[in-house]
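Worksheet: the structure to be examined is printed underneath.
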Amino acid sequence: MNKKTALITGATSGLGYEFVKLFANDGYDLVLVARNNIRLSEIKNSFKNVNVTTIAKDLSIEGAAREVFEQVEQEGILIDILVNNAGFGLKGSFDKLDIQKQLSMIQLNTGALTELTYYFLQKMKQRNSGRILNVASTAAFQPGPLMAVYFATKAYVLSLSEALMEELSGTSITVTALCPGATKTNFGAVANVENSKMFSQAMSAEVVAKQGYAALMNGKRVFVPGGANKAGVLGAKFMPRRLAAKVAKYVAGDK
Ligand SMILES: NC(=O)c1ccc[n+]([C@@H]2O[C@H](COP(=O)([O-])OP(=O)(O)OC[C@H]3O[C@@H](n4cnc5c(N)ncnc54)[C@H](OP(=O)(O)O)[C@@H]3O)[C@@H](O)[C@H]2O)c1
(Lines give C-alpha, C1' and ligand atoms only; values in the text may rest on other atoms or scores of the structure.)
Protein backbone atom coordinates (compact mmCIF):
# COMPACT_ATOMS: atom_id res chain seq x y z
CA MET A 1 0.00 0.00 0.00
CA ASN A 2 1.23 3.49 -0.86
CA LYS A 3 1.89 5.64 2.17
CA LYS A 4 -0.71 8.32 2.78
CA THR A 5 0.02 11.87 3.85
CA ALA A 6 -1.91 14.23 6.11
CA LEU A 7 -1.35 17.99 6.25
CA ILE A 8 -2.19 19.50 9.64
CA THR A 9 -2.28 23.21 10.38
CA GLY A 10 -1.77 24.39 13.96
CA ALA A 11 0.21 21.21 14.61
CA THR A 12 2.42 22.52 17.42
CA SER A 13 -0.04 22.39 20.32
CA GLY A 14 -3.50 21.46 21.56
CA LEU A 15 -5.82 19.62 19.17
CA GLY A 16 -3.38 19.90 16.26
CA TYR A 17 -0.65 18.10 18.16
CA GLU A 18 -3.12 15.40 19.25
CA PHE A 19 -4.01 14.91 15.56
CA VAL A 20 -0.30 14.60 14.74
CA LYS A 21 0.03 11.71 17.20
CA LEU A 22 -3.11 9.96 15.90
CA PHE A 23 -2.04 10.16 12.24
CA ALA A 24 1.54 9.11 13.01
CA ASN A 25 0.22 6.17 15.01
CA ASP A 26 -1.72 5.04 11.93
CA GLY A 27 1.42 5.37 9.77
CA TYR A 28 0.58 8.56 7.89
CA ASP A 29 3.41 10.75 6.62
CA LEU A 30 2.88 14.30 7.80
CA VAL A 31 3.13 17.88 6.63
CA LEU A 32 2.96 20.13 9.69
CA VAL A 33 2.22 23.85 9.53
CA ALA A 34 2.44 26.42 12.33
CA ARG A 35 4.52 29.49 13.22
CA ASN A 36 6.83 28.07 15.89
CA ASN A 37 9.69 26.53 13.92
CA ILE A 38 11.57 25.26 16.99
CA ARG A 39 8.51 23.36 18.20
CA LEU A 40 7.93 22.03 14.66
CA SER A 41 11.49 20.66 14.58
CA GLU A 42 11.08 19.06 18.01
CA ILE A 43 7.91 17.32 16.83
CA LYS A 44 9.56 16.22 13.57
CA ASN A 45 12.47 14.68 15.48
CA SER A 46 10.17 12.84 17.86
CA PHE A 47 8.52 10.74 15.13
CA LYS A 48 10.83 8.14 13.65
CA ASN A 49 8.23 5.87 12.00
CA VAL A 50 6.87 8.41 9.49
CA ASN A 51 8.23 11.14 7.18
CA VAL A 52 7.55 14.59 8.60
CA THR A 53 7.82 17.77 6.56
CA THR A 54 7.53 21.03 8.48
CA ILE A 55 6.45 24.38 7.08
CA ALA A 56 6.86 27.36 9.40
CA LYS A 57 4.26 29.85 8.26
CA ASP A 58 2.03 32.53 9.72
CA LEU A 59 -1.26 31.63 8.08
CA SER A 60 -2.87 34.91 9.16
CA ILE A 61 -0.80 36.67 6.51
CA GLU A 62 -2.43 36.97 3.10
CA GLY A 63 -0.75 34.71 0.56
CA ALA A 64 0.68 32.33 3.20
CA ALA A 65 -1.78 29.53 2.42
CA ARG A 66 -0.84 29.70 -1.26
CA GLU A 67 2.86 29.47 -0.28
CA VAL A 68 2.15 26.34 1.77
CA PHE A 69 0.39 24.76 -1.21
CA GLU A 70 3.26 25.70 -3.56
CA GLN A 71 5.88 24.23 -1.22
CA VAL A 72 3.94 20.97 -0.96
CA GLU A 73 3.65 20.86 -4.77
CA GLN A 74 7.38 21.60 -5.24
CA GLU A 75 8.27 18.76 -2.90
CA GLY A 76 5.99 16.43 -4.89
CA ILE A 77 3.87 15.51 -1.87
CA LEU A 78 0.30 14.31 -2.46
CA ILE A 79 -2.04 15.26 0.36
CA ASP A 80 -4.63 12.59 1.17
CA ILE A 81 -6.03 14.31 4.25
CA LEU A 82 -6.18 18.03 5.00
CA VAL A 83 -6.76 19.10 8.60
CA ASN A 84 -7.59 22.81 8.84
CA ASN A 85 -7.10 23.19 12.56
CA ALA A 86 -5.08 26.40 13.19
CA GLY A 87 -7.19 29.10 14.76
CA PHE A 88 -7.58 31.38 17.74
CA GLY A 89 -10.20 33.39 19.60
CA LEU A 90 -10.33 36.70 21.46
CA LYS A 91 -12.64 37.72 24.27
CA GLY A 92 -13.78 41.30 24.77
CA SER A 93 -16.18 43.91 23.45
CA PHE A 94 -16.00 44.02 19.67
CA ASP A 95 -15.24 47.76 19.64
CA LYS A 96 -12.50 47.49 22.29
CA LEU A 97 -10.53 44.55 20.87
CA ASP A 98 -7.68 45.45 18.52
CA ILE A 99 -9.06 45.58 14.98
CA GLN A 100 -5.84 44.24 13.41
CA LYS A 101 -5.93 41.19 15.71
CA GLN A 102 -9.58 40.59 14.80
CA LEU A 103 -8.77 40.86 11.07
CA SER A 104 -5.87 38.42 11.53
CA MET A 105 -8.29 36.04 13.23
CA ILE A 106 -10.67 36.25 10.28
CA GLN A 107 -7.78 35.60 7.87
CA LEU A 108 -6.49 32.61 9.86
CA ASN A 109 -9.79 31.02 10.91
CA THR A 110 -11.57 31.50 7.56
CA GLY A 111 -9.29 32.89 4.82
CA ALA A 112 -6.39 30.43 5.10
CA LEU A 113 -8.81 27.54 5.71
CA THR A 114 -10.75 28.46 2.57
CA GLU A 115 -7.63 28.77 0.41
CA LEU A 116 -6.02 25.55 1.61
CA THR A 117 -9.32 23.73 1.04
CA TYR A 118 -9.57 25.26 -2.45
CA TYR A 119 -6.07 24.28 -3.60
CA PHE A 120 -5.93 20.80 -2.09
CA LEU A 121 -9.51 19.96 -3.09
CA GLN A 122 -8.54 20.46 -6.77
CA LYS A 123 -5.80 17.87 -6.32
CA MET A 124 -8.13 15.49 -4.46
CA LYS A 125 -10.70 15.81 -7.25
CA GLN A 126 -8.10 14.79 -9.84
CA ARG A 127 -7.67 11.54 -7.89
CA ASN A 128 -11.31 11.32 -6.71
CA SER A 129 -10.01 10.64 -3.24
CA GLY A 130 -9.38 12.62 -0.09
CA ARG A 131 -10.69 13.78 3.25
CA ILE A 132 -10.87 17.25 4.77
CA LEU A 133 -11.35 18.02 8.46
CA ASN A 134 -12.27 21.60 9.28
CA VAL A 135 -12.11 22.47 12.96
CA ALA A 136 -15.12 24.69 13.67
CA SER A 137 -16.61 24.93 17.18
CA THR A 138 -19.87 24.81 19.12
CA ALA A 139 -19.48 28.59 18.67
CA ALA A 140 -20.68 28.02 15.09
CA PHE A 141 -24.28 27.48 16.14
CA GLN A 142 -25.19 30.88 17.67
CA PRO A 143 -24.04 34.50 17.82
CA GLY A 144 -21.32 35.06 20.44
CA PRO A 145 -21.41 38.40 22.26
CA LEU A 146 -17.96 39.21 23.76
CA MET A 147 -16.38 36.87 21.20
CA ALA A 148 -18.38 38.19 18.26
CA VAL A 149 -15.79 37.81 15.51
CA TYR A 150 -14.59 34.39 16.72
CA PHE A 151 -18.14 32.96 16.75
CA ALA A 152 -18.76 34.45 13.30
CA THR A 153 -15.60 32.83 11.90
CA LYS A 154 -16.70 29.43 13.19
CA ALA A 155 -20.23 29.85 11.75
CA TYR A 156 -18.48 30.45 8.41
CA VAL A 157 -16.35 27.29 8.79
CA LEU A 158 -19.41 25.17 9.56
CA SER A 159 -21.45 26.62 6.69
CA LEU A 160 -18.62 26.24 4.16
CA SER A 161 -17.93 22.66 5.24
CA GLU A 162 -21.58 21.56 5.01
CA ALA A 163 -21.99 23.21 1.61
CA LEU A 164 -18.84 21.55 0.24
CA MET A 165 -19.86 18.16 1.57
CA GLU A 166 -23.08 18.49 -0.43
CA GLU A 167 -21.22 19.66 -3.56
CA LEU A 168 -19.01 16.61 -3.20
CA SER A 169 -21.78 14.06 -2.73
CA GLY A 170 -21.31 11.27 -5.26
CA THR A 171 -17.51 11.63 -5.08
CA SER A 172 -15.09 9.81 -2.80
CA ILE A 173 -14.08 13.04 -1.07
CA THR A 174 -15.48 13.92 2.35
CA VAL A 175 -15.56 17.13 4.36
CA THR A 176 -16.09 16.95 8.12
CA ALA A 177 -16.72 19.88 10.44
CA LEU A 178 -15.50 19.13 13.97
CA CYS A 179 -17.30 21.33 16.49
CA PRO A 180 -15.65 21.07 19.92
CA GLY A 181 -16.80 22.99 22.96
CA ALA A 182 -14.31 24.24 25.54
CA THR A 183 -11.19 22.04 25.39
CA LYS A 184 -8.03 22.11 27.52
CA THR A 185 -5.40 23.57 25.13
CA ASN A 186 -3.55 26.89 24.80
CA PHE A 187 -6.74 28.33 23.28
CA GLY A 188 -8.10 29.45 26.68
CA ALA A 189 -5.01 31.50 27.53
CA VAL A 190 -4.71 33.01 24.03
CA ALA A 191 -8.40 33.96 23.94
CA ASN A 192 -8.48 35.05 27.59
CA VAL A 193 -11.41 32.76 28.40
CA GLU A 194 -9.80 30.42 30.96
CA ASN A 195 -11.82 31.99 33.80
CA SER A 196 -15.08 32.09 31.90
CA LYS A 197 -18.07 29.86 32.74
CA MET A 198 -17.75 28.15 29.35
CA PHE A 199 -14.40 26.71 30.46
CA SER A 200 -15.60 25.25 33.76
CA GLN A 201 -16.13 21.81 32.15
CA ALA A 202 -13.51 21.78 29.40
CA MET A 203 -12.84 18.40 27.72
CA SER A 204 -9.37 16.94 27.27
CA ALA A 205 -7.70 17.64 23.93
CA GLU A 206 -6.82 13.96 23.59
CA VAL A 207 -10.47 12.85 23.81
CA VAL A 208 -11.74 15.57 21.45
CA ALA A 209 -9.07 14.80 18.84
CA LYS A 210 -9.64 11.05 19.08
CA GLN A 211 -13.38 11.45 18.52
CA GLY A 212 -12.80 14.01 15.76
CA TYR A 213 -10.37 11.66 14.05
CA ALA A 214 -12.96 8.86 14.09
CA ALA A 215 -15.61 11.24 12.68
CA LEU A 216 -13.22 12.26 9.88
CA MET A 217 -12.41 8.65 9.00
CA ASN A 218 -16.12 7.77 9.01
CA GLY A 219 -16.89 10.70 6.69
CA LYS A 220 -19.30 12.38 9.13
CA ARG A 221 -20.50 15.82 8.00
CA VAL A 222 -20.69 17.49 11.41
CA PHE A 223 -19.44 16.11 14.69
CA VAL A 224 -19.88 17.63 18.15
CA PRO A 225 -17.82 15.83 20.84
CA GLY A 226 -19.20 15.42 24.37
CA GLY A 227 -22.73 15.03 25.74
CA ALA A 228 -22.94 18.52 27.27
CA ASN A 229 -21.75 20.11 24.00
CA LYS A 230 -24.29 18.10 22.00
CA ALA A 231 -27.06 19.24 24.36
CA GLY A 232 -25.89 22.87 24.09
CA VAL A 233 -25.89 22.73 20.29
CA LEU A 234 -29.36 21.18 20.25
CA GLY A 235 -30.61 23.92 22.59
CA ALA A 236 -29.10 26.66 20.42
CA LYS A 237 -30.76 25.19 17.32
CA PHE A 238 -34.25 25.40 18.80
CA MET A 239 -33.86 28.65 20.79
CA PRO A 240 -34.68 32.04 19.28
CA ARG A 241 -31.34 33.54 18.10
CA ARG A 242 -31.76 36.48 20.48
CA LEU A 243 -32.06 34.15 23.48
CA ALA A 244 -29.16 32.00 22.24
CA ALA A 245 -27.02 35.17 22.09
CA LYS A 246 -27.96 36.00 25.70
CA VAL A 247 -26.95 32.50 26.85
CA ALA A 248 -23.64 32.74 24.94
CA LYS A 249 -22.94 36.12 26.58
CA TYR A 250 -23.67 34.66 30.01
CA VAL A 251 -21.28 31.70 29.59
CA ALA A 252 -18.56 33.97 28.20
CA GLY A 253 -18.63 35.82 31.53
CA ASP A 254 -16.24 34.96 34.38
CA LYS A 255 -17.07 32.15 36.84
N1 LIG B 1 -9.68 24.74 22.81
C2 LIG B 1 -10.96 25.06 22.67
O3 LIG B 1 -11.69 25.31 23.66
C4 LIG B 1 -11.58 25.05 21.29
C5 LIG B 1 -12.97 24.91 21.18
C6 LIG B 1 -13.54 24.90 19.92
C7 LIG B 1 -12.75 25.02 18.81
N8 LIG B 1 -11.39 25.17 18.94
C9 LIG B 1 -10.59 25.31 17.72
O10 LIG B 1 -9.60 24.30 17.72
C11 LIG B 1 -8.54 24.72 16.86
C12 LIG B 1 -7.21 24.38 17.53
O13 LIG B 1 -7.03 25.19 18.66
P14 LIG B 1 -6.49 24.63 20.05
O15 LIG B 1 -7.61 24.64 20.99
O16 LIG B 1 -5.74 23.39 19.87
O17 LIG B 1 -5.56 25.85 20.49
P18 LIG B 1 -3.96 25.99 20.64
O19 LIG B 1 -3.45 24.99 21.61
O20 LIG B 1 -3.74 27.44 20.92
O21 LIG B 1 -3.38 25.63 19.20
C22 LIG B 1 -3.47 26.52 18.11
C23 LIG B 1 -2.53 26.06 17.02
O24 LIG B 1 -2.65 26.96 15.91
C25 LIG B 1 -1.36 27.47 15.58
N26 LIG B 1 -1.49 28.85 15.11
C27 LIG B 1 -1.96 29.91 15.81
N28 LIG B 1 -1.87 31.03 15.08
C29 LIG B 1 -1.33 30.66 13.89
C30 LIG B 1 -0.97 31.37 12.71
N31 LIG B 1 -1.16 32.69 12.62
N32 LIG B 1 -0.44 30.69 11.67
C33 LIG B 1 -0.23 29.35 11.76
N34 LIG B 1 -0.56 28.62 12.85
C35 LIG B 1 -1.10 29.27 13.90
C36 LIG B 1 -0.53 27.38 16.86
O37 LIG B 1 0.85 27.20 16.59
P38 LIG B 1 1.97 28.36 16.56
O39 LIG B 1 1.77 29.19 17.78
O40 LIG B 1 3.24 27.57 16.51
O41 LIG B 1 1.70 29.10 15.29
C42 LIG B 1 -1.08 26.08 17.45
O43 LIG B 1 -0.41 24.97 16.90
C44 LIG B 1 -8.77 26.20 16.59
O45 LIG B 1 -9.31 26.36 15.29
C46 LIG B 1 -9.79 26.60 17.63
O47 LIG B 1 -10.59 27.68 17.23
C48 LIG B 1 -10.80 25.17 20.16
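Overview of results
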read-out	value
Computed over the range 2-147, Kirkwood Rh from alpha-carbon pairs, angstrom	15.9 Å
From phi via Karplus (6.51, -1.76, 1.60), per-residue ³J(HN,Hα) for the range 82-95 in Hz, x at Gly/Pro	10, 10, 8, 10, 4, x, 8, x, 9, 9, x, 5, 3, 7
For T183, residues with placed amide H under 5 Å, excluding near neighbours	M203
For the range 125-134, 3J(HN,Hα) per residue [Karplus equation, 6.51 cos²θ - 1.76 cosθ + 1.60, θ = phi - 60°, Hz, x = Gly/Pro]	5, 4, 9, 6, 7, x, 9, 10, 10, 9
Accessible area of the chain divided out per residue, in Å², using a probe of 1.4 angstrom	48 Å²
Separation in nanometres of the label points that stand 7 Å from Cα toward Cβ, at Y250 and N218	3.2 nm
Paramagnetic reach from N51 (point 7 Å along Cα→Cβ, amide N under 13 Å) across the range 63-96	72-80
D (Stokes-Einstein, µm²/s), Kirkwood Cα radius, the chain, 0.890 mPa s at 25 °C	134 µm²/s
The chain, helix-only ellipticity at 222 nm - DSSP H runs n ≥ 4, -39,500 (n - 2.57), divided by all residues, nearest 500	-14500 deg cm²/dmol
Positive-end extreme of charge dipole, the chain - chosen from L234, Q211, L22 (charges on Cβ)	L234
√(5λ) per eigenvalue of the Cα gyration tensor, the range 100-159, largest first, Å	26, 13, 6
Chain lengthening between A189 and M239 when straightened (0.36 nm per residue, less Cα-Cα)	15.0 nm
Stretch gain in nm, segment R127-F94, where the contour uses 0.36 nm per residue and the Cα spacing is subtracted	7.5 nm
Apportionment of accessible area to carbon and sulfur, the range 5-252, percent (1.4 Å)	51 percent
Total charge dipole magnitude, the range 5-252, about the Cα centre, Cβ charges on Lys, Arg, Asp, Glu only, Debye to nearest 20	920 debye
The range 165-255 - Kirkwood radius from inverse mean 1/r over Cα pairs (Å)	14.7 Å
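The values are calculated or read from the model by the stated rules, or taken from the named source; none is laboratory data. Since the structure is predicted, the reported quantities are computational estimates derived from the model, not experimental observations. When we count neighbours, we look across all protein chains shown, and the Cβ atoms used for this are built from the backbone with ideal geometry, even at glycine. What goes into the accessible areas is simple: the full protein's heavy atoms, side chains included, and nothing from ligands, DNA or RNA. Shrake-Rupley method; radii C 1.70, N 1.55, O 1.52, S 1.80 Å.
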